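What follows is a single structure, written as structure tokens, with notes after it.
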Amino acid sequence: MTLTLRTTCRGCGGALQPFLALGDQPLANRLRRPDDRAPVAAYPLTLCRCLDCQLVQLREVVDPALLFADYAYVPSTSSTMRAHFDEFAGDAVHRLRLTEHDLVVDVGSNDGLLLSCFQRRGIAVQGIEPAENLAARATADGIPTHAAFFSSAVARELGAQRRAALVTATNVFAHVDDVRGFIRAAFELLAPDGVFMVEVQSFADTVSSLAFDMTYHEHMTYYATAPLGRLCEVEGVQLLDVERVATHGGSLRATIGRIGHPLARPDRIAARIAEEGERAGPSGCEHLARGAETVRRDLRALLDELNAAGASVAAYGAPAKATVLLNYCGLGARDVRYVVDRNEAKQGQDIPGADIPVVGPQRLIDDPPTHLLLLAWNLTNEIVREQEAFAAAGGRFIVPVPQPRLLD
Ligand SMILES: [Zn+2]
């Protein structure tokens, strides 16, 4: 079964209400080779809210074997992520008072970047990573990594050898369908006073920035603090602490432990829930849905107007959100001639569904457009600085979100 539809909340079992349909979308991270003649598979992409616990989640679940086959995201290539993981490890070692007698297990450990930050601090580490190429690379680099999807069986097998003081899951906790099974497995691996730390994109921040294009099939759940606390309760464990960190436009770093754990900070959890406020509830969902529709309407109108007036529009950045935004807005090569991305692995391929070629930055010099649509809009300042020559020659930048506009 390639696609299944959820009818109940993966946290509490409550009823789901759809609030934003992004249409049929190809898998956002799967760029397409131009010689690939097979039709692009596209699946509906619909955000729902649980009417009971308010947890925001996708209705559609694409088979993980398809979703995560040859998964290419390797965070070590990003200096921002390197600094972030180093800070994460330092914070955890300090707060949990970890020593060389403790074991940290990272689930979805990728190439071992986060674990290397613990290892440098003298802590024993173990990775779990389903992508065999990444697991092998990490192990060769000195980070022992078990190549598997995380499950109770894997947790019990590893836990029989040694219990962990800390289990971490960054950028993976929001990507699992059976999130309750994931929590249970983490606690099968943890020592009695061990804790589970996760980082997830913060839905309240997604609403504030109208980042509807950060919705894609891999990203199954969109967390706010209160529904996360409720999910822990349902599994008989406790959300101990939560803080907001800047990663991915605003994320939640949550610490989960057994009930009665001394690290519990209910004051900080209550403050975060108050700060998220309405953004984490029904009106936040409505705001996001209305914002997405406005962006689609206004961006199409702006590009139609520019192209009719003889402009030449290209785009910058081919992250997952570029695929989502282009497909949702129904944009193709007639609207945007090419997409520039510095990542060579993406160049020479097409944005799926939109069929726009991804090219290297040299194209901006050889065949300059008049306008550059910033699809990696979260990096606007960085791109504008880097493309100073384009602006100096009269080129204009278009920012699509939260409202399509030309930069001055
Ligand atoms: Zn629920």
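Just so you know, all these numbers are worked out from the coordinates, no wet-lab data involved. Keep in mind it's a predicted model, so treat the numbers as computed, not measured. All Cβ positions, even for glycine, are placed from backbone atoms using ideal geometry, and neighbour counts span all protein chains on display.
Results, tabulated for the structure shown:
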item	result
Longest DSSP-loop-exposure-free segment, GluC sites (Glu not before Pro), the chain, at most 10 other Cβ within 10 Å	101-343
Charge dipole (debye, nearest 20) of the chain; +1 at Cβ of Lys and Arg, -1 at Cβ of Asp and Glu	420 debye
Spherically averaged projected area in nm², based on the convex hull that wraps the Cα atoms of the stretch 71-188	6.9 nm²
Overall dimensions of the stretch 75-276 as given by Cα atoms, namely Rg and Dmax in Å	15.9, 46
DSSP-loop trypsin sites (Lys or Arg not before Pro) across the stretch 132-175, with at most 15 other Cβ within 10 angstrom	Arg162
Sparsely packed trypsin sites (Lys or Arg not before Pro) within the stretch 319-408, loop by DSSP, other Cβ within 10 Å at most 14	Arg334, Arg342
222 nm mean residue ellipticity, helices alone, for the chain (DSSP H n ≥ 4; -39,500 (n - 2.57); rounded to 500)	-10000 deg cm²/dmol
Coarse-grained scattering of the chain at q = 0.09, 0.11, 0.13 Å⁻¹, given as base-10 log I(q)/I(0) from a Debye sum over alpha-carbon atoms	-0.56, -0.84, -1.15
Per-residue HN-Hα couplings for the stretch 381-389 [Karplus 6.51, -1.76, 1.60; θ = phi - 60°; Hz; x = Gly/Pro]	4, 4, 5, 4, 4, 5, 9, 4, 5
Extension gain, Leu379 back to Arg297 (0.36 nm per residue minus Cα-Cα distance, nm)	27.2 nm
Förster radius 35 Å - calculated FRET efficiency between Glu278 and Arg405 (Cβ-Cβ, nearest 0.05)	0.85
Lys, Arg +1 and Asp, Glu -1 on Cβ, resulting dipole of the stretch 284-406 about Cα centre, debye, nearest 20	200 debye
At 1.306 mPa s and 10 °C, Stokes diffusion of the stretch 284-406 via Kirkwood alpha-carbon radius, µm² per second	110 µm²/s
FRET efficiency estimate (nearest 0.05) - Cβ-Cβ, Ala270 to Thr8, R0 25 angstrom	0.35
